[in-house]
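The values are calculated or read from the model by the stated rules, or taken from the named source; none is laboratory data. These numbers were taken from a predicted model, which means no experiment stands behind them. All Cβ positions, even for glycine, are placed from backbone atoms using ideal geometry, and neighbour counts span all protein chains on display. For the accessible areas, the whole protein counts, side chains as well, though only heavy atoms, and no ligand, DNA or RNA atoms are used. Shrake-Rupley method; radii C 1.70, N 1.55, O 1.52, S 1.80 Å.
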Amino acid sequence: MGQGRLPALLGLACCLLLLRGSGGLGSRGTTRWPWEEEQGPMAEGEPWSGARYDAVKKHLGAVGALSKQYWQYLTCKMWQEGCEEEEEEVSSPSRGWGLPLVGQDYLEILSAWYCSFSECCQTGDCRIVNNITGLAADLNGQLHGQHLAKEVVIQAVQGFLQSPQPEKALVLSFHGWSGTGKNFVARMVASHLYRDGLKSECVRLFISLFHFPHHMYVDSYKAQLKKQITETVQLCKQPLFIFDEAEKLHLSLLDAIKPFMAHYNDRSKVDYRRSIFLFLSNLGGNTINEVALDFWRSGQAREEISMELLEQRLRLELQEPAENSYAHSHLLEENLIDFIVPFLPLEYHHVKLCTRDAFLARGLPYTEAALDEVARMMVFVPKEEKLFSAQGCKSVSQRINYFLP
């Protein structure tokens, strides 16, 4: 049944339910209409007086107004349409019956009836799914060699979503070499928090050199960026903003974003506290790699690398004066970034796992020999040890084309 046919059906149902008054659904015996409480019962065959006509007209007018209120309430609850009108209707005093007085039970019955053949959402917004269990499962099964990133992302997102009233937007900053999984995790977060993933109207992806290529137009970019963020927050109660190549963002653009990530103080403006910001950057990649290489040389497993050690090293690098706006933006000094998420360099066996996943994603058979051959195509550094893949897993999906029949 399409949404276009539901207004008439639900409107009719509302009218019938409301006209029955306090008798309730499932009540038996003689129907007692609401206007009889004012005019008293009338004998069978007795002619209607003018006062009775006026009473019936009054109640039918109330039913018409209230059935409209019911429909607005239902469309807001089920399809997130007309919510502003519904809020105005509910907040203003109504004539005759009030929605909570005679309608709440009937509304729940109608809602249950609708949900019996259509999709209803626990979040109150069908665009938002917040599947943390699925996110954790996919990160554990598909993100290879990144024990720190898995732990930080899951804990940060889950804690933020479970907070009834966060103090500020959640801001995560992903750092590491290209191909280590930063974009992969960002897409995974989008696909598990939103029904339509990156295509959701709640998600905005900005790529620095694509969306903001010319410094001469930075003032125009700044106005457009602020407008898009504001409109997305107004459109969606839990928006996600992804900034790829964050180190290449102009300083003015980062300054424009800051107020949306800061602690929320002004109650009269749009509330940004349910927003999520992901910054993806190659900055800090060399520092992360040096730590991983030192652990390997000392015979320690990479899984022993702690978040405390890497975060301290990364903060020092990101706060040093540098020829990039990300370091000059003072996002760390102003405590706007909640979590720094390091992505470790990938080793040979991690590349093989990525290759296996690429074969499986395309429904193709594979052999250990094929996985090894793809992995050997990659360039490994440093020159002496040849330990880390210089491209990570970035070109793996293209390289398996050599094995197609």
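Residues that are buried (at least 21 other Cβ atoms within 10 Å of the Cβ) and in a loop (DSSP other than H, G, I, E, B) do not occur anywhere in region 351-369. When Leu209 is tested against (1) open to solvent by 60 Å² or more (accessible area, probe 1.4 Å); (2) in contact with a strand residue (DSSP E or B) (Cβ under 6 Å, 6 or more places away or on another chain); (3) within 24 Å of Cys393 (Cβ to Cβ), only condition (2) is not met. With respect to Val270, determine if the residue is at pLDDT 95 or above and either on the phi < 0 side of the Ramachandran plot or in contact with a helix residue (DSSP H, G or I) (Cβ under 9 Å, 6 or more places away or on another chain) (or both). It is false that Val270 is at pLDDT 95 or above and either on the phi < 0 side of the Ramachandran plot or in contact with a helix residue (DSSP H, G or I) (Cβ under 9 Å, 6 or more places away or on another chain) (or both).
Within the bounds of region 340-362, is there any residue that is farther than 28 Å from Gln158 by Cα, modelled with pLDDT under 95 and of a type outside the set (A, V, I, L, M, F, W, C)? Yes, because at least one residue in region 340-362 is farther than 28 Å from Gln158 by Cα, modelled with pLDDT under 95 and of a type outside the set (A, V, I, L, M, F, W, C).
Being of a type in the set (Ser, Thr, Tyr) and touching a Leu at 6+ places or on another chain (Cβ under 6 Å) narrows it down to one residue among Ser397, Ser389, Ser306, Ser298; which is it? Working first, answer last.
Numbers: Ser397 fails: touching a Leu at 6+ places or on another chain (Cβ under 6 Å); Ser306 fails: touching a Leu at 6+ places or on another chain (Cβ under 6 Å); Ser298 fails: touching a Leu at 6+ places or on another chain (Cβ under 6 Å).
One residue alone meets the criteria, Ser389.
For the structure I just gave you, tell me whether Gly285 is in the same structural domain as Ala156 (by the TED database), in contact (Cβ under 8 Å) with a residue 40 or more places away in the chain and open to solvent by less than 80 Å² (accessible area, probe 1.4 Å).
On the way: in the same structural domain as Ala156 (by the TED database): yes; in contact (Cβ under 8 Å) with a residue 40 or more places away in the chain: yes; open to solvent by less than 80 Å² (accessible area, probe 1.4 Å): yes.
Criteria met by Gly285.
Can you list the helices (runs of 4 or more DSSP H) lying wholly within region 129-237 that have 3 or more residues being in contact with a Gly (Cβ under 8 Å, 6 or more places away or on another chain) and either modelled with pLDDT of 95 or more or within 26 Å of Tyr264 (Cβ to Cβ) (or both)?
Numbers: elements: 132-142, 147-162, 182-193, 208-211, 218-235.
Where helices (runs of 4 or more DSSP H) fall fully within region 129-237 and carry at least 3 residues being in contact with a Gly (Cβ under 8 Å, 6 or more places away or on another chain) and either modelled with pLDDT of 95 or more or within 26 Å of Tyr264 (Cβ to Cβ) (or both), they are 182-193.
If you check Arg313, Arg376, which single one turns out to be in a helix (DSSP H, G or I), open to solvent by 80 Å² or more (accessible area, probe 1.4 Å) and farther than 21 Å from Gly176 by Cβ?
Numbers: Arg313 fails: farther than 21 Å from Gly176 by Cβ.
On inspection, the qualifying residue turns out to be Arg376.
Remark: pairs (first residue in region 246-258, closer than 16 Å to Ser220 by Cβ; second residue modelled with pLDDT under 90 and surrounded by fewer than 18 Cβ atoms within 10 Å (Cβ to Cβ); Cβ separation under 8 Å; 6+ apart in sequence or on different chains) = His250/His215; Leu251/His328. Look at Leu198 and say whether it is among the aliphatic types (A, V, I, L, M) and either on the phi > 0 side of the Ramachandran plot or more than 16 Å from the chain's Cα centre (by Cα) (or both). It is false that Leu198 is among the aliphatic types (A, V, I, L, M) and either on the phi > 0 side of the Ramachandran plot or more than 16 Å from the chain's Cα centre (by Cα) (or both).
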